[in-house]
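Beneath this line is the structure, given in structure tokens, with notes to follow.
The values are calculated or read from the model by the stated rules, or taken from the named source; none is laboratory data. The structure displayed is predicted, hence computed values, not measured ones. So basically every Cβ, Gly included, is an ideal-geometry build from the backbone, and we count neighbours across all protein chains shown. For accessibility, only protein heavy atoms count, side chains too; no ligands or nucleic acids. Shrake-Rupley method; radii C 1.70, N 1.55, O 1.52, S 1.80 Å.
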Amino acid sequence: MTDVAASDFRHPRRYVRLDTILRLRWLAVLGQLAAIFIVAQGLEFDVEVVPCLAIISLSALLNLGFQIAFDPMQRLEPIYAAALLALNIIELAGLLFFTGGLENPFSFLFLAPVLISSTALPIRLTIALGVLAIVCASVLVFFHLPLPWDSDDPLVLPPIYLFGVWLSIAVAIGVTSLYAFQVAEEARQLSDALAATELVLTREQHLTQLDGLAAAAAHELGTPLSTIFLISRELERTIPDGSPLTADIKTLREQAQRCRDILGKITQLSATGAPFDHMPLSTLIEETVAPHRDFDVAIKVRIAVAATPEPVGTRNPAILYGVGNILENAVDFARNTVEVNAWWNNEKVEIVISDDGPGIAPDMLKRIGEPYLSRRRSADETQSERGGLGLGVFIARTLLERTGAKVSFSNRVFPEHGAIVHITWPRSRFEAGETSGEPAS
């Protein structure tokens, strides 16, 4: 079977383009300028325009400097992206200091950089940015200039209200960022797992194509080698005894025969591996079971005799990998025996793989087949109890569902113990043997 390490996909390094951060910073500059203009000119409130414009101008100059000094299309290391987002938080805190602190309704913009970080950066950097935003909000509770307002009717907010604003900002940063991080992480995991699935299928198809090429090469080389063998044999018969060429002709004939034997073996190995070969259901099961017969676990295969002819499908790498991976998991978890039962009728084809192991934990049963789902057990448990069901089962289930199969997981009924996996195809899909992009419903 083809193995794919989950660690190669589960923890990808995350990079954000500099252009993405700069676009957000330019958007912030334009929004801040618009807010200052509306408050100062439209509402005619007394605003500390000079220091506010100084902070906004500094932000704009930094943006220009970054665009000139660096390629905007380059991907930033997470720490540098976090530093730019931290700069956004500090600049916002400076503007809020001159415009009322937490009394300013724009104080909730502290949430924006942390939310961006939670969807694109590692969790440790998101936590650091969240702490920075809460610290800045806490400082603004006590240190800030008055909120721009009508001098004839000043606005005075009670301390309890300011505390409520601070608490809402802190809770919003924590809850919203955590939710955004969880959604983004699940999307990344699913994307990586699907990439691993495509890689496995590509490798399996590549191996199948190599088998087909080997068979074609053996067929094409067979004729000239046969000619060489016949000519060498005739030469060996016509050359007089004692001739110095006798040994060379004999060696040529023996090596030609050896090449014919090797090509014959290649043809036999590739006979069931060509891309368009057909194989009965019983042959498919035997091919997936054979690599696991040398273990201490007994594998019992039962194929029901039906009134309809045995279904015959193409040698599909997705089916071979999917059934083989599920069988491998059953062997890993089984204590003594794994059973593989198969039956069919005119409408469907079904394979049931069961073992006598500990079974699937109730908390995992409904989630089985999700990417990176596993249970880590302590080192003192027996070998039959150790293991995990994660990326491998997800890949197997995805590949099987792409062939039209429906895969379900369950446990044996008490007092028996062990897991049961049902794999069911519509007979027409199994015999067609084509892979579709949509899973079976």
Count of residues meeting criterion [surrounded by fewer than 21 Cβ atoms within 10 Å (Cβ to Cβ) and assigned to a loop (DSSP other than H, G, I, E, B)] in region 390-417:
7
Given (1) farther than 25 Å from R124 by Cβ; (2) surrounded by 17 or more Cβ atoms within 10 Å (Cβ to Cβ); (3) of a type in the set (A, V, I, L, M, F, W, C), index of the condition L27 fails
(2)
Scanning region 418-434 for residues that are surrounded by fewer than 17 Cβ atoms within 10 Å (Cβ to Cβ) and either over 17 Å from V312 (Cβ atoms) or among the hydrophobic types (A, V, I, L, M, F, W, C) (or both) gives H422, A432
Scope region 299-336; condition under 17 Å from I420 (Cβ atoms), out of contact with any Gly (no Cβ under 7 Å at 6 or more places or on another chain) and either of a type in the set (A, V, I, L, M, F, W, C) or open to solvent by less than 10 Å² (accessible area, probe 1.4 Å) (or both); matching residues
I299, V301, A304, G322, V323, I326, L327, A330, V331
If F97 passes every condition in (1) closer than 18 Å to T20 by Cα; (2) at pLDDT 90 or above but one, which one does it miss?
(1)
Considering each of V171, V175, V135 in turn, give the residue that is open to solvent by 40 Å² or more (accessible area, probe 1.4 Å), at pLDDT 90 or above and farther than 25 Å from A35 by Cα.
V171
Would region 106-123 turn up any residue that is within 25 Å of Q41 (Cβ to Cβ) and open to solvent by less than 60 Å² (accessible area, probe 1.4 Å)?
yes
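Mind listing just one residue for me: the one in region 138-168 that is open to solvent by 60 Å² or more (accessible area, probe 1.4 Å) and part of a helix (DSSP H, G or I) and, of those, modelled with the lowest pLDDT?
Initially, region 138-168 is screened for residues open to solvent by 60 Å² or more (accessible area, probe 1.4 Å), giving 139, 142-143, 146, 149-156, 158-161, 163, 166-167.
Filter once more, so that each one left must be part of a helix (DSSP H, G or I): 139, 142, 159-161, 163, 166-167.
Numbers: V139: 92, F142: 88, P159: 81, I160: 87, Y161: 84, F163: 87, W166: 89, L167: 91.
Only one residue fits best here, namely P159.
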In region 41-63, anything without any contact (Cβ under 8 Å) to a residue 40 or more places away in the chain and open to solvent by less than 30 Å² (accessible area, probe 1.4 Å) is listed as I56, S59, A60
Check off (1) modelled with pLDDT under 90; (2) touching a strand residue (DSSP E or B) at 6+ places or on another chain (Cβ under 8 Å) for N346 and give me the number that stays unchecked.
(2)
